Amino acid sequence: MKVLLFSGGIESTCLAFILKPDVCLTVDYGQLQAEGEIRASACITNYLGLQHAVIQVDAGPIGSGQMAGKPTIQSSSIPEFWPFRNQFLVTLAAMKYAPMDLTKVILGSSKSDASHVDGTPQFYDAFANVMRMQEGGVEVSAPAIELDSFEFVVSTKINPDVLDMTFSCFVAEYPCGRCRGCKKNEEIRSRYHALYPTCTFKT
């Protein structure tokens, strides 16, 4: 079984589009935008004909940064940075699906995420080794890690209609239009539509 951690954002949506995982898993871990991620993810997976699941484990009280509605830790200049989030989410996915012959957990990190350590190839190499040495030998994969977000989107040739369903806000369940997530989403979709104004890519 292959599980994609699915936020309904651009990178994870592109991965769902090209990889067709067994399950697209959205985790509500107490982030302010959780309802928006769940809503977008449900819409996208329904359109793509993929299985969608949601689990809720509230880590809000111990979170930091913009997505938790709290100050960013001093060691990070990225306002939405939530310490140790990526390994937490992978671990939750592995816990849930280990009894179902889980083989791989997939994440949508791209080169654009290298502003924090858990968005780098070095982190994923190290964490993949930790997961692989444990029972089940689960693989951790970040297929877009060597490309910036726009390069990755272009490489997938995703249907622009699907891209327009994505949600990337960091602070609310509806796009605020001001956070880094919303601005990145708008920029990438705008550039992609300019590149393929009459695109007829299929799902």
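The values are calculated or read from the model by the stated rules, or taken from the named source; none is laboratory data. Computed from a predicted model, the values in this text were never measured in an experiment. Cβ: placed from backbone, ideal geometry, glycine included. Neighbour counts: every protein chain shown. Keep in mind that these areas ignore ligands, DNA and RNA; they rest on the heavy atoms of the full protein, side chains included. Shrake-Rupley method; radii C 1.70, N 1.55, O 1.52, S 1.80 Å.
Overview of values
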quantity: Residue count for the range 1-41, restricted to those that are outside any loop (DSSP other than H, G, I, E, B), open to solvent by 40 Å² or more (accessible area, probe 1.4 Å) and under 24 Å from LYS183 (Cβ atoms); calculated: 2
quantity: Subset of the range 42-62 (residues that are open to solvent by 10 Å² or more (accessible area, probe 1.4 Å), in a helix (DSSP H, G or I) and β-branched (Val, Ile, Thr)); calculated: ILE62
quantity: Residue list for the range 28-87, restricted to those being of a type in the set (Gly, Ala, Ser) and over 19 Å from THR166 (Cβ atoms); calculated: GLY30, ALA59, GLY60, GLY63, SER64, GLY65, ALA68, GLY69, SER75, SER76, SER77
quantity: Residue within the range 79-95 that is over 18 Å from VAL27 (Cβ atoms) and of a type in the set (Gly, Ala, Ser) present; calculated: no
quantity: Residues located in the range 46-87, provided they are free of Cβ contacts under 8 Å to residues at least 12 places away in the same chain and touching a Ser or Thr at 6+ places or on another chain (Cβ under 6 Å); calculated: LYS70, ILE73
